[in-house]
1. Among all residue pairs at least 6 apart or on different chains, which show Cβ distances below 6 Å where the first residue, located in segment 271-282, is on the phi > 0 side of the Ramachandran plot and touching a residue at least 60 places away in the same chain (Cβ under 8 Å) and the second is assigned to a loop (DSSP other than H, G, I, E, B) and exposed (fewer than 12 other Cβ atoms within 10 Å of the Cβ)?
2. Take the residues in segment 156-179 that are of a type in the set (A, V, I, L, M) and in a loop (DSSP other than H, G, I, E, B); name whichever of them is farthest from GLN450 (Cα to Cα).
3. Identify all residues within segment 338-357 that are modelled with pLDDT under 95 and in a loop (DSSP other than H, G, I, E, B); write none if there are none.
4. For GLY323, state whether it is part of a loop (DSSP other than H, G, I, E, B), in contact with a Gly (Cβ under 6 Å, 6 or more places away or on another chain), at pLDDT 95 or above and not assigned by TED's automatic domain parsing to the domain that holds ARG106.
5. Does segment 89-96 contain at least one residue that is buried (at least 18 other Cβ atoms within 10 Å of the Cβ) and at pLDDT 95 or above?
6. Among ARG267, ARG261, which is the only one that is within 20 Å of ILE444 (Cβ to Cβ), within 22 Å of the chain's Cα centre (by Cα) and outside any loop (DSSP other than H, G, I, E, B)?
7. Among the residues of segment 291-313, write down those that are buried (at least 20 other Cβ atoms within 10 Å of the Cβ), in a helix (DSSP H, G or I) and of a type in the set (S, T, N, Q).
8. Tell me, yes or no, whether segment 348-369 has at least one residue that is in the same structural domain as ARG423 (by TED's automatic domain parsing), touching a residue at least 40 places away in the same chain (Cβ under 8 Å) and at positive phi.
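The values are calculated or read from the model by the stated rules, or taken from the named source; none is laboratory data. Quantities reported herein were computed from a predicted structural model and do not represent experimental measurements. Positions of Cβ are generated from backbone atoms using ideal geometry, with glycine treated the same way; all protein chains shown enter the neighbour counts.
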Amino acid sequence: MHGQQASDERSSIQNCATNERFITVLFVPEAAFGPTNQCIGIGAVLRQRGHRAVFAVESSWKGKLAAFGFDEQIVNYSEPTPSNDEKVDASNFWADYIRANKSEFRKPTIEQIESFLLPTWQTIVDGARYAQPQLREIVIAVQPDVIVEDNVICIPALVTADVPFIRIVSCNPLEIQGPNIPPVFSGLPAADRSQWTAFRAEYERVHRPLWTSFNKWVVEQGAPPLDDLQFIHTSSTANLYVFPEEADYVDARPLESTWHRMDSSVRETETEYVLPESVRNRPEGSALIYLSLGSLGGADVDLMRRLISVLSRTPHRYIVSKGPEHEQIELAPNMVGAQMLPQTRVIPQVDLVITHGGNNTTTESLHFGKPMILLPFCWDGYANAQRMHELGFGIRLPTYTFCDGELTDAINTLLANSALRVRLATIGERIRARDGLRCGANVIEAVGRQHATTKGFVKSGNDRKCIAYSDT
């Protein structure tokens, strides 16, 4: 979309955001903590404005979204088994998947294409096929004014409904591909193109058959064909992505006007975190550091144990998100932690973040102006680690082959870099001022209101009572 048409549509969306009509938003996040938490943050803002937010989530989330005041619709992405109940953590499936494949992450990313990425995409494709009839019924039951999908896969029911569709990219935005940026999933540097062509060629060789059959099925369900080797549509109405302006790729890969950047998406629903005495009162020269490998990386017990061993010999204090295998993780005396922590309340209080490079942790660290040490092991972690390293916002280390001294040297280097701390603090102030959470909510609200106006009636907030539409 270009020129006057794009300008007219953007103006229409912006104008529609100024009225006070209440809408229903159907969120369909990937069945993982990152995308779901991202949607919770936006959904909470919309609910505060009087809108109805409905979440279509798999069964392990049952009851967890209702606690925030959201309506829940349950959708399964595979045949339910006795273990697929609401007591199982939402990340359980993918944590098990990571455990089963952790040997793959020691390979160069180009070697992971066939042995890890292809079976991962196959699992995701199978899930979309399984969920399709359920989501078709959910859309009919909910009658949303806008559908918001935060995922990497097309589920045709979401794009064939007579309802505007918004795509959210809450992973690294290399997912929105282009010839002048590194290949998605590669972790290759932006300044060195020498390996880009080989990676892209191998990715196409491996994924072409799967994509061809999936695209055929998508069209059979009544949806438009997918772009070449893409597994999800770009919306012609509006798209959102989560990444700060200071780290973005738009200089090398400009985006059409349907794309809207959320510089960060820091949810405001988490409980306060009070620093325990053992890490609050630290010796002179002792920093406070947050260690989290996310809900998936924490499933690699050996890696977590090695990190704890190395960090235990430093003078610093640590807050550790232990992850799904928390019962097997024993913390050192200079550490506190739990299976899960209110991360957005922890990061503002620390001096440094050690992360796997997940997009939530990476963008939240920038939001609060914190330097990072990045230990990527899969998916978009490689891209985020490389991007932070090449921009000077952090240090990327080889996750499974770093020497003890490399990790401690990286900690000391970043803590001693006062100029970087000032620079990141300034960047964090700018990111917070741009308020990506509300930028995203504004786009969704405007699109939904525009649709409700077109239908000729609107609903009065959470009770779904209809009221007559009038221009006055």
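1. Pairs that qualify, where the first residue is on the phi > 0 side of the Ramachandran plot and touching a residue at least 60 places away in the same chain (Cβ under 8 Å) and the partner is assigned to a loop (DSSP other than H, G, I, E, B) and exposed (fewer than 12 other Cβ atoms within 10 Å of the Cβ): there are none.
2. Quick first cut of segment 156-179, residues of a type in the set (A, V, I, L, M) only: 157-159, 161, 163, 166, 168-169, 174, 176.
Then keep just the ones that are in a loop (DSSP other than H, G, I, E, B); that gives 161, 163, 176.
Values: ALA161: 16, VAL163: 11, ILE176: 26 Å.
Out of the qualifying residues, it is ILE176.
3. The answer is GLN339, MET340, LEU341, PRO342.
4. Numbers: part of a loop (DSSP other than H, G, I, E, B): yes; in contact with a Gly (Cβ under 6 Å, 6 or more places away or on another chain): yes; at pLDDT 95 or above: no; not assigned by TED's automatic domain parsing to the domain that holds ARG106: yes.
Here the answer is no, as GLY323 does not meet what is asked.
5. Keep residues of segment 89-96 that are buried (at least 18 other Cβ atoms within 10 Å of the Cβ), which gives 90-91, 93-95.
Adding the requirement that they be at pLDDT 95 or above leaves none.
Taking every residue of segment 89-96 in turn, none turns out to be buried (at least 18 other Cβ atoms within 10 Å of the Cβ) and at pLDDT 95 or above.
6. Working: ARG267 fails: outside any loop (DSSP other than H, G, I, E, B).
Just a single option satisfies the conditions, and that option is ARG261.
7. SER295
8. So far as segment 348-369 goes, yes, one or more of its residues are in the same structural domain as ARG423 (by TED's automatic domain parsing), touching a residue at least 40 places away in the same chain (Cβ under 8 Å) and at positive phi.
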